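Read the structure below first, then the notes.
The values are calculated or read from the model by the stated rules, or taken from the named source; none is laboratory data. This one's a predicted model, so the numbers in the text were calculated from it and none came from an experiment. Heads up, the Cβs are rebuilt from the backbone with ideal geometry, glycines too, and the neighbour counts pull from every protein chain shown.
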Amino acid sequence: MNRAAPGRTTKRQEETLNSSGKTTDAVRLTDVRKVYGKRDNQVVALDGVTTQFDRGTFTAVMGPSGSGKSTLLQAAAGLDQPTSGSVLLEDHELSEMNETELTKLRRDRIGFVFQAFNLLPVLTVRQNVTLPLRLAGDKPARGHVSKILDQVGLGERKHHRPSELSGGQQQRVAIARALISDPAVVFADEPTGALDTRTARDILGLLRHASETAGQTIVMVTHDPVAASYADRVLFLADGRLAGALSSPTPESVAERMTHLGAFVDDGPLPRLEPTRREQR
């Protein structure tokens, strides 16, 4: 499989390399700042954010509307250039890469799952899943596509088209497509926002399974405390700055933290929340 050509090694990269020559984090942001608009009408979306996403972990990113969640995801994924600061994905300093190199890096080392499934209606499940590899001029290893489709529960539907699938099944196709190239990190932006509760739980279970068994790094933006409880930790943002983190989250602990951040203005009781698999064990 093709890989983006690494740029020159900076001092910051040298500090984050381990003895095998690879970075210890899947993604590291250092003092990242993103400002939109001109001097008289500026909006600071990210204000000096420093954080990292370790290999094989599942992190949820939460915060009130306008807190910078989506901007952080876009910066970390190389979709948007920060105004200042450093974004390091594996051993690649994104600020030192041109658009062609960034496109190649996103194609080969990053997977994306969004609320909109973004499937091509004329292609079958298998064709949609393998599309990133075909665009790169690659072919999957023998049996790899079938293995991925079996993992997401679509082994028997590989010849179906999106219109023949439910919303949850279409999101499973999107997850399989994100995983097909064995990316360094999968970015998910509200992946369950358009799904019912039961289907959303299944999709979150798939993402957690990918992290636990396949060692994938998952970074998920969500507004849902139940969705966040499937992650290993939750990062909270407010006004473009980090506002804390929570390990081994539960729906209740996440909701309480979000309330303190002003994300929930309704002081009434929270709805009954279903326990995650971690809580059931």
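Key figures
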{"read-out": "Test: residue in segment 155-178 that is acidic (D, E) and in contact with a Ser or Thr (Cβ under 7 Å, 6 or more places away or on another chain)", "value": "no"}
{"read-out": "Residues of segment 106-129 classified as touching a helix residue (DSSP H, G or I) at 6+ places or on another chain (Cβ under 8 Å) and either within 21 Å of S211 (Cα to Cα) or modelled with pLDDT under 90 (or both), total", "value": "7"}
{"read-out": "Members of segment 36-59 that are more than 23 Å from P183 (Cα to Cα), among the β-branched types (V, I, T) and in contact with a helix residue (DSSP H, G or I) (Cβ under 7 Å, 6 or more places away or on another chain)", "value": "V49"}
{"read-out": "Residues of segment 96-123 classified as more than 15 Å from the chain's Cα centre (by Cα), buried (at least 17 other Cβ atoms within 10 Å of the Cβ) and not in a helix (DSSP H, G or I), total", "value": "2"}
{"read-out": "Residue match in segment 211-222 (condition: touching a residue at least 60 places away in the same chain (Cβ under 8 Å), touching a Pro at 6+ places or on another chain (Cβ under 7 Å) and more than 20 Å from Q115 (Cα to Cα))", "value": "no"}
{"read-out": "Candidate set from segment 40-62 (those that are charged (D, E, K, R) and in contact (Cβ under 8 Å) with a residue 60 or more places away in the chain); member that is farthest from T83 (Cα to Cα)", "value": "R55"}
{"read-out": "Qualifying residue in segment 203-225 (condition: over 30 Å from V125 (Cβ atoms) and crowded, with 21+ Cβ neighbours inside 10 Å)", "value": "yes"}
{"read-out": "Residue within segment 176-191 that is farther than 19 Å from F112 by Cα and modelled with pLDDT under 95 present", "value": "no"}
{"read-out": "Filter result (of a type in the set (A, V, I, L, M, F, W, C) and surrounded by fewer than 22 Cβ atoms within 10 Å (Cβ to Cβ)) within segment 227-249", "value": "A238, L242, A243, A245, L246"}
{"read-out": "Entirely in segment 25-78, the strands (runs of 3 or more DSSP E) that have 1 or more residues that are more than 15 Å from the chain's Cα centre (by Cα) and modelled with pLDDT of 95 or more", "value": "25-36, 43-54"}
{"read-out": "Condition check for A184: in contact with a Phe, Trp or Tyr (Cβ under 8 Å, 6 or more places away or on another chain), of a type in the set (A, V, I, L, M) and within 21 Å of L79 (Cα to Cα)", "value": "no"}
{"read-out": "Residues (among the β-branched types (V, I, T) and crowded, with 18+ Cβ neighbours inside 10 Å) located in segment 56-95", "value": "T57, T59, V61, T71, V87"}
